[in-house]
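The structure under discussion appears below in the form of structure tokens.
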Amino acid sequence: MKRDIPLAFSEITHLEKQAKRNNSELEPLNAFYPAVNDAVMKVFETWNQAQSYSSRRDGFAKELDMRIDPAFKFHTRNLADLLEELPSRAKKAKEALSHYKQASRRLGPVNGLFNRSWSHSTWDNTHTECSTNSEGDTDCWTVCDSTDHTFTYRNQYGEAASKELTKTLKAQPVVEYSESFIIAKKTEADGEYAAEKSRRKTEYIKAGEALIYANSWYQVNVFNTNNPGIEHGWKHLHKDNKDWAKAKGTARSRSYNTMCGMSHPGPAEYQVADGALRTGTSVKNGIDRILEGLDYVESQAPVLRQKTDELIGIVLDGEEGSTRKTSREVLGIANKMYQKNFPAGWNTAAVRPSVMAMGILLGCAIGSLAGAGIDYGGKRFGWWNTNW
């Protein structure tokens with residue numbers, strides 16, 4: 001029997017009730033990530049249950065129909081409701097992070113100028129040695145003597161990088177965002193059963209373990225795993241900017257000779273510029289990963305709904321189409337939606353064994369929400385403000 005995709009529902013209804021008791025609503029990211037998690041989990045749960053059918057693809061369509069049809073609605077939201085809500089939730093999350101998008105746009109030119117301000121090339125100095133044996137056969141080979149490293153500085157780009165970074169940091173001195181994330185304090189039987197069954201557990205999971213599964217969306221969502229580095233990196237860019245403003249005054253092209261194959265860190269001025277480039281690139285990449293997840297959900301949630309309707313139509317209504325192709329499209333969109341927003345989460349690929357990408361549950365004490373090293377860092381350095 002094929003392995004199931006591991007399931008972990010967020011108990012989003014409980015999260016909304018907790019917020020309501022505090023006379024508030026879930027904040028944008030707190031409303032977005034659990035909804036994305038639960039939407040794709042419903043798709044994966046449907047695929048798991050389709051194993052009991054003689055034709056898994058036909059079963060997939062029939063199970064999807066029951067999660068779309070309001071006549072079979074047993075929970076506050078069915079799959080159709082979640083897919084309908086996701087674009088607006090993504091839009092609100094993007095609005096909350098609009099300053100992140102602006103920061104990413106500004107860093108593009110900055111990183112490009114730093115990248116062009118220096119170049120590093122190497123050249124191996126070699127000579128040929130030969131040996132002739134007693135039979136007169138000659139064998140020759142190349143011997144490397146040393147390596148030349150040339151660091152070439154382009155002043156116009158170095159000056160422009162300094163001006164552009166100064167302008168960027170003046171426009172946005174700080175890039176940060178935080179929410180008082182509300183996470184589940186209890187789990188329902190349906191969610192517990194889904195987690196148990198999809199992992200082929202032979203015993204009932206305990207309450208603490210069930211909470212770990214339910215709150216895994218919080219532990220591994222792309223915002224929480226990238227934002228500490230973004231905020232720290234942006235602060236570090238202020239130091240990089242000051243260091244480069246000083247270093248560029250003595251920057252010039254330089255060459256060094258090392259033992260063959262050895263690396264060289266380059267002149268101090270190069271190291272400062274390279275450090276600024278690395279920081280800026282890391283910050284921009286982190287922001288872009290977050291925004292890509294939001295963009296994908298906003299654009300693809302309607303497509304996912306369309307593809308589920310197509311599959312249902314092919315199987316139940318006899319419409320033309322390929323169940324193989326459409327099933328793969330439904331699973332592919334759901335999987336990509338999950339991986340873009342929870343890249344450190346469960347392995348949700350339907351064709352591979354169900355394991356956790358980062359093993360966030362390994363070594364967890366029951367009752368603890370510390371699943372991964374990222375949570376250790378979050379608690380130690382106070383990255384996240386969580387409403388328990």
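FYI, it's all coordinate maths here, none of it is from the lab. These numbers were taken from a predicted model, which means no experiment stands behind them. Every residue, glycine as well, gets a Cβ built from its backbone with ideal geometry; the counts of neighbours run over all protein chains shown.
Laid out as a table, the results:
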{"quantity": "Of all residues in region 230-278 being among the hydrophobic types (A, V, I, L, M, F, W, C) and in contact with a strand residue (DSSP E or B) (Cβ under 9 Å, 6 or more places away or on another chain), the one that is nearest to SER162 (Cα to Cα)", "calculated": "ALA273"}
{"quantity": "Single condition TYR338 does not satisfy, out of (1) out of contact with any strand residue (DSSP E or B) (no Cβ under 9 Å at 6 or more places or on another chain); (2) farther than 30 Å from ASP240 by Cα; (3) surrounded by 18 or more Cβ atoms within 10 Å (Cβ to Cβ); (4) touching a residue at least 60 places away in the same chain (Cβ under 8 Å)", "calculated": "(1)"}
{"quantity": "Checking LEU291 against (1) within 27 Å of GLU85 (Cβ to Cβ); (2) not in a helix (DSSP H, G or I), the condition it does not meet", "calculated": "(2)"}
{"quantity": "Any hit, region 261-268, residues being within 23 Å of the chain's Cα centre (by Cα), of a type outside the set (D, E, K, R) and assigned to a helix (DSSP H, G or I)", "calculated": "no"}
{"quantity": "Residue within region 33-55 that is free of Cβ contacts under 8 Å to residues at least 60 places away in the same chain, of a type in the set (Ser, Thr, Tyr) and buried (at least 21 other Cβ atoms within 10 Å of the Cβ) present", "calculated": "yes"}
{"quantity": "Yes/no for SER10 being outside any helix (DSSP H, G or I) and either crowded, with 22+ Cβ neighbours inside 10 Å or in contact with a strand residue (DSSP E or B) (Cβ under 7 Å, 6 or more places away or on another chain) (or both)", "calculated": "yes"}
{"quantity": "In region 99-142, residue surrounded by the fewest Cβ atoms within 10 Å (Cβ to Cβ) [restricted to those that are among the charged types (D, E, K, R) and within 30 Å of TRP244 (Cβ to Cβ)]", "calculated": "ARG105"}
